[in-house]
Structure formats: C-alpha cells, structure tokens
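Have a look at the structure below, then the notes.
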Amino acid sequence: MTARTLCHLHELPDGLARGFDPGATGQTTMLVLRRGRQLRAFLDRCPHHGTPLAWRADAYLNAAGDRIVCAAHGALFDTDTGACTLGPCLGQGLTPVAVRLGPHDQVQIDEPHSPIQETSP
Ligand code: FES
C-alpha cells in the first residue's frame, strides 16, 4: 500500500476542515479535520442523498465549529466518528477515511484511498 500525501500539517488550519480531491476527479471527494496533531477524515458525501457536504470550499463545520454540517438539509455529524447527531440521516454517518501524519508532518492517506468502512447511500 502506498501513501499519498495530501498536504503538510501546517496547511490544515487547526480546528478547521479542508477538502481534498486525491483522485483528481475535479471535485472535492474527502475532507480532513485537524485538532492540534489529531486528524480525522471522511468522504465528502452526505449519507442522506449522497451529495457533497459543503456549500462552498472548505465550509464543512457549523458556526460553533464542533460539528460537520451538510449544507443541503442541515444534518450535523460528530467530528470524531462521523455519526449523524441531528437531521434526516440519524442512525447513519459519514464514511471515515484512514488518515495519518507521515514523515515531516505530511498528512497522508493510503493510495488508492479507500474508506475504512463503506456505508450505503
Ligand atoms: S443531503 Fe445532507 S442532509 Fe440532506
């Protein structure tokens, strides 16, 4: 399994999320959240209708910055687990992607990036 570098840790604002397109599809397909040196990553796909989450680039968090939000119908997701905590997809969740800090604080995923577990849309 090869590692793909998304960016350097300092390119992820602490406490925020950023979208990536590691497969060069032309649109963001995953997001990475940073809390200090802790990273979480999920596919950029709402379990409600399978659409991208953000209404503009990197706008993944609610105003309080403590939940991932889907712009379409306002579903909220836990930033650690991706579980839906409010909205039309309760009982479902975002699909986690394995992410880690590699050498020299590079933010890396496995190539090809594969979800930790697949959920049905
Ligand atoms: S598409 Fe995300 S809440 Fe409906």
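Some values worked out for this structure:
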item: Strands (runs of 3 or more DSSP E) fully within the stretch 1-82 counting 3 or more residues that are within 16 Å of the ligand (Cβ to nearest atom); result: 67-69, 76-78
item: Number of the exception - CYS89 against (1) over 15 Å from PHE20 (Cβ atoms); (2) in contact with a Leu (Cβ under 8 Å, 6 or more places away or on another chain); (3) buried (at least 19 other Cβ atoms within 10 Å of the Cβ); result: (2)
item: Some residue of the stretch 97-109 being within 16 Å of the ligand (Cβ to nearest atom) and either assigned to a strand (DSSP E or B) or out of contact with any helix residue (DSSP H, G or I) (no Cβ under 6 Å at 6 or more places or on another chain) (or both); result: no
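Read the figures in this text as sums done on the coordinates, not as results from a lab. Bear in mind that the values here come from a model prediction, so they are computed numbers and not experimental data. Quick reminder, even Gly has a Cβ in these numbers, built from the backbone with ideal geometry, and neighbours come from all protein chains shown.
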